[in-house]
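Just below is one structure, and these are the notes that go with it.
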Amino acid sequence: MKAVIQRVSEAGVRVDGKNVGAIERGILVLLGVEKGDLAEDADWLAEKIVNLRIFEDAAGKMNLSLLDIKGELLAVSQFTLAGNCAKGRRPSFDTAAPPEEANRLYEYFVGRVWELGIPVQTGIFQADMKVSLVNDGPVTFILETQKGKERGPRTKDRGARSEDKG
């Protein structure tokens, strides 16, 4: 799974001119699901995002998480994150998960965030969405659950190991 996360003061998504999801202070997540992604990838990503300390404390340091600030999360499915632009002029989406699997893991991710205590709003899977946001900072990060499919899903121990440095 790949996620682009943005710290926002507000964000929303519209479909066919109608507001379908909106948040105030929190995180906008653009989520892409790839072939081979598993529920444990969604578990890891949900916990990482909810606990990532990217909000400023009283001293102005990024020291607070989404849980700490009692923020909200807007999750938007974004299959184009699986796009490969390395060759030619048209992106390839060969690594994108089939729609049924992508939707299942997207919904699972949303459920995990709720279970972790964060209010969640969503877009509509496979819809033509118009996403708006006020990026706070700007603060934007890219998270990936797998560093190369040949190694398989990452384990609970996400720290760098000497054998990985090489």
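Readers should treat all values here as calculations from the given coordinates under stated rules, not as data from a laboratory. Because the structure is a prediction, the values reported are computed rather than measured. As a convention, Cβ positions derive from the backbone with ideal geometry for all residues, glycine included, and neighbour counts pool all protein chains shown.
Values computed for the structure shown
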item: Two-site label geometry, VAL139 and PHE125: point separation in nm, points 7 Å out along Cα→Cβ; result: 3.0
item: Selected from VAL13, ALA39, GLN146, residue furthest toward positive end of dipole (segment 2-146; charges at beta carbon); result: VAL13
item: Sorted by Cβ density within 10 Å, fewest first, the residues ASP136, ASP41; result: ASP136, ASP41
item: Rounded to whole Å, sorted largest first: equivalent-ellipsoid semi-axes of segment 42-124, Cα gyration tensor; result: 29, 17, 10
item: Fraction of beta bridges assigned by DSSP in the chain that are antiparallel (%, nearest 5); result: 75
item: Pairs beyond 21 Å (Cα-Cα), from LYS2/LYS35; LYS61/LYS130; LYS48/LYS70; LYS2/LYS48; result: LYS61/LYS130
item: For GLU40, GLU34, order by how many other beta-carbon atoms lie within 10 Å, fewest first; result: GLU40, GLU34
item: Positive minus negative residues near VAL134 (Lys, Arg vs Asp, Glu; Cβ under 14 Å); result: -2
item: Sequence of ARG53, ARG89, ARG112 once ranked by neighbouring C-beta atoms within 10 Å, starting from the fewest; result: ARG89, ARG53, ARG112
